[in-house]
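The values are calculated or read from the model by the stated rules, or taken from the named source; none is laboratory data. Note that the structure is a prediction, hence the values are computed from the model and not measured. Cβ placement follows ideal geometry from the backbone for every residue including glycine, while neighbour counts extend to all protein chains displayed.
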Amino acid sequence: MVDLLIRNGDVVTPGGVEMLDVAIEGEHIAAVASPGALSEAGREIDASGKIVIPGGVDPHCHWNLGWRETKCEGQEHSWAAAWGGTTTIIDFAFREGDMSLHEAVAFKRAEADGSMAVDYGLHALLAGETPFEVLEEIGDVIRSGIPTIKTLTTYGWMSDDGHRYGVMTEVAAHGGMSIVHAEDDALANWLTKKYVREGKTHGGYIAETRGPLVEELAIRRCLLLAERTGSPLYVFHMAAAAGVHALAEARGRGLPVFGETLIVYLSYTSEKLFDDENRGLLVSNFPTIKTQADQDELWRAVADERLQVVSSDHYGLNADIRYRHMGTSVETPQGGQNAVEMRVPVLYHRGVHEARISLQRFVELISSNPARLMGLYPRKGAIQPGSDADIAIIDPSRTWTVRASEHHMGGDYNAWEDWELHGKVVTTILRGTPLVEDEQWVGSRTAGRYQPRTLDPHLGERVAP
Ligand SMILES: [Zn+2]
């Protein structure tokens, strides 16, 4: 007798979408079989008429990240991930100043261990200049289960290309993958000065001062560095069609380079930034959203595999922090998004319900692909025997209205406020234990477990085009 049986759902497995039963024993999936074929269970969940998917894997989230004198929400709000069907997230060990990389990892682990509601891994973020002593720690940190190393090309924590070359060389030597926030700092700064001189200071002009060329320029440089150093590369939060084209060219030459876009970029365009009456700047992220033509291309790219992942870049903030501490002008743009709870339902609505992508593709974008690329597959990201029993059940017939007053994230606004969504996550199971059941919280808020990651040894191979 198994512990839990999910009966009669439309189950998305690596093989396709089919009505199946899923049996769970302890923390793992024991069997997947035709309806009725499996034996009795300790308890059953009837998933008739519902969609059963592997729990979401969100590879880009921030908790407890500081911005000047403020901080975003803490790990106690990580339960919002589960409310939104996500059972694994990846946050960051942030290294700067005199800290060693090992100290940065220990610091973040101390903060997160025992306080996360869902499973989690870490990226290493190397801010600013990376001393040689820190470079020498990279191999060790990769082997310890943190194989993805991020640098920034702009904003306060940027590294120059010299330091990035050093980091990527070390990442390549130890079988890791480089990650970049790619926007060209010099071009953005020059354009910002030009806009200020011309009196174009509204915060919405960030879409022009940090427009498509700003992204493309940095992405192309990072692609070249990745190719020359032999490092696989994953480009965070791609918003511009020009950047997608640069990535696609490199992929077309067989390079192991990958990209994600954000759910907010698939939801809004830069016109919204000028909607002052409705606090339109709240939809801005770093990089900022681009035009309708860019968004149309992002949708094509997530559908045709030029982009592999849709993530949230979750950064739980109050509107007040954005408007008072970050700012509203083109010189002091605001960004960040309460989004971890919204990623799966909004992509289901915009993607599957509105027929832009298939159900299978939706699952690849929010779960299987991030699990594969980040070294969590098949433990995470698949409904198949042996995988962790991380499952989200979506009721496609449920419609609901988004309200910040009802979401479970710490921030007090929601960029999707008043949106009518088709499809709601009604049940979320983490390693065999329900956290959300029939839209009620029934689980622990601190049972998330740290997940060391190991990249697929073939990930970095150049494939024949
Ligand atoms: Zn981020």
Would you pick out the residues in segment 17-43 that are surrounded by 14 or more Cβ atoms within 10 Å (Cβ to Cβ) and either within 16 Å of the ligand (Cβ to nearest atom) or in contact (Cβ under 8 Å) with a residue 40 or more places away in the chain (or both)? Val17, Val22, Ile24, Glu25, Glu27, His28, Ile29, Ala30, Ala31, Val32, Ala41
If you scan segment 322-341, which residues turn out to be over 14 Å from the mean Cα position of the chain (by Cα) and either within 30 Å of Val363 (Cα to Cα) or more than 16 Å from the ligand (Cβ to nearest atom) (or both)? Tyr323, Arg324, His325, Gly327, Thr328, Ser329, Val330, Glu331, Thr332, Gly335
Gly460 touching a residue at least 60 places away in the same chain (Cβ under 8 Å), over 22 Å from Ile366 (Cβ atoms) and surrounded by 13 or more Cβ atoms within 10 Å (Cβ to Cβ): yes
Taking the conditions exactly as written (away from the ligand (no atom under 16 Å from the Cβ), in a loop (DSSP other than H, G, I, E, B) and more than 19 Å from Arg343 (Cα to Cα)), does Arg306 satisfy them or not? yes
Residues of segment 86-128 that turn out to be away from the ligand (no atom under 16 Å from the Cβ), among the acidic types (Asp, Glu) and more than 13 Å from Pro452 (Cα to Cα), as a count: 3
Within the set of pairs 6+ apart or on separate chains, which have a first residue in segment 299-315 that is under 29 Å from His77 (Cα atoms), a second that is acidic (Asp, Glu) and within 16 Å of the ligand (Cβ to nearest atom), and C-beta atoms under 6 Å apart? Val309/Glu260; Ser311/Asp58; Ser311/Glu260; Ser312/Asp58
If you check Val264 against the conditions, is it within 16 Å of the ligand (Cβ to nearest atom), modelled with pLDDT of 95 or more and of a type in the set (Val, Ile, Thr)? yes
Take the conditions within 19 Å of Glu461 (Cβ to Cβ) and within 16 Å of the ligand (Cβ to nearest atom) and apply them to Gly259. Does it pass? yes
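Working only within segment 141-158, note down all residues that are of a type in the set (Gly, Ala, Ser) and at pLDDT 95 or above. Lay out the reasoning, then the answer.
Step one: list which residues in segment 141-158 are of a type in the set (Gly, Ala, Ser), which gives 144-145, 156.
Selection gives Ser144, Gly145.
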So how many residues does segment 204-243 have that are surrounded by fewer than 24 Cβ atoms within 10 Å (Cβ to Cβ) and either more than 16 Å from the ligand (Cβ to nearest atom) or in a helix (DSSP H, G or I) (or both)? 18
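State yes or no: is Thr13 within 16 Å of the ligand (Cβ to nearest atom), among the polar types (S, T, N, Q) and within 18 Å of Arg379 (Cβ to Cβ)?
Numbers: within 16 Å of the ligand (Cβ to nearest atom): no; among the polar types (S, T, N, Q): yes; within 18 Å of Arg379 (Cβ to Cβ): yes.
Against the criterion (within 16 Å of the ligand (Cβ to nearest atom), among the polar types (S, T, N, Q) and within 18 Å of Arg379 (Cβ to Cβ)), Thr13 does not qualify.
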Going by the structure shown, is Val344 surrounded by fewer than 24 Cβ atoms within 10 Å (Cβ to Cβ), touching a Ser or Thr at 6+ places or on another chain (Cβ under 8 Å), modelled with pLDDT of 95 or more and of a type in the set (A, V, I, L, M, F, W, C)? no
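Please determine whether any residue of segment 89-111 is assigned to a loop (DSSP other than H, G, I, E, B), more than 21 Å from Ala172 (Cβ to Cβ) and polar (S, T, N, Q). Step through it out loud before you land on a result.
Going residue by residue through segment 89-111, those that are assigned to a loop (DSSP other than H, G, I, E, B) are 96-100.
Checking the rest, the ones that are also more than 21 Å from Ala172 (Cβ to Cβ) come to 96-100.
From what's left, polar (S, T, N, Q): 100.
Among the residues of segment 89-111, at least one is assigned to a loop (DSSP other than H, G, I, E, B), more than 21 Å from Ala172 (Cβ to Cβ) and polar (S, T, N, Q), which makes the answer yes.
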The condition from (1) of a type in the set (Val, Ile, Thr); (2) more than 29 Å from Ala82 (Cβ to Cβ); (3) touching a Leu at 6+ places or on another chain (Cβ under 9 Å); (4) not in a strand (DSSP E or B) that Thr151 misses is numbered (4)
Residue satisfying all of: in segment 282-324; among the small types (Gly, Ala, Ser) and more than 21 Å from Ile357 (Cβ to Cβ); surrounded by the fewest Cβ atoms within 10 Å (Cβ to Cβ) among these: Ala319
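Give me the strands (runs of 3 or more DSSP E) completely within segment 357-465, filtered to those with at least 2 residues that are in contact with a helix residue (DSSP H, G or I) (Cβ under 8 Å, 6 or more places away or on another chain), among the β-branched types (Val, Ile, Thr) and modelled with pLDDT of 95 or more, ordered by residue number. Steps first, answer last, please.
Values: elements: 391-401, 420-430, 433-437.
Once the strands (runs of 3 or more DSSP E) in segment 357-465 are filtered for at least 2 residues that are in contact with a helix residue (DSSP H, G or I) (Cβ under 8 Å, 6 or more places away or on another chain), among the β-branched types (Val, Ile, Thr) and modelled with pLDDT of 95 or more, what remains is 420-430.
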So, Glu331, is that one touching a residue at least 24 places away in the same chain (Cβ under 8 Å) and within 25 Å of Ala382 (Cβ to Cβ) or not? no
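Would it be correct to say that Thr86 is closer than 24 Å to Gly145 by Cα and not charged (D, E, K, R)? Lay out the reasoning, then the answer.
Details: closer than 24 Å to Gly145 by Cα: yes; not charged (D, E, K, R): yes.
When the stated conditions are applied, Thr86 passes them.
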From Asp58, Asp46, which residue is more than 16 Å from the ligand (Cβ to nearest atom), charged (D, E, K, R) and in contact with a strand residue (DSSP E or B) (Cβ under 9 Å, 6 or more places away or on another chain)? Asp46
Do we have any residue at all in segment 344-361 that's among the polar types (S, T, N, Q), within 26 Å of Ala404 (Cβ to Cβ) and away from the ligand (no atom under 16 Å from the Cβ)? no
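Within segment 186-199, is there a residue that is within 16 Å of the ligand (Cβ to nearest atom) and either assigned to a loop (DSSP other than H, G, I, E, B) or more than 30 Å from Val330 (Cβ to Cβ) (or both)? Please lay out each step first, then the result.
First pass over segment 186-199, keeping only residues within 16 Å of the ligand (Cβ to nearest atom): none.
No: segment 186-199 contains no residue that is within 16 Å of the ligand (Cβ to nearest atom) and either assigned to a loop (DSSP other than H, G, I, E, B) or more than 30 Å from Val330 (Cβ to Cβ) (or both).
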Under the condition of being part of a helix (DSSP H, G or I) and more than 24 Å from Ala355 (Cβ to Cβ), which residue from segment 272-281 is farthest from the ligand (Cβ to nearest atom)? Glu277
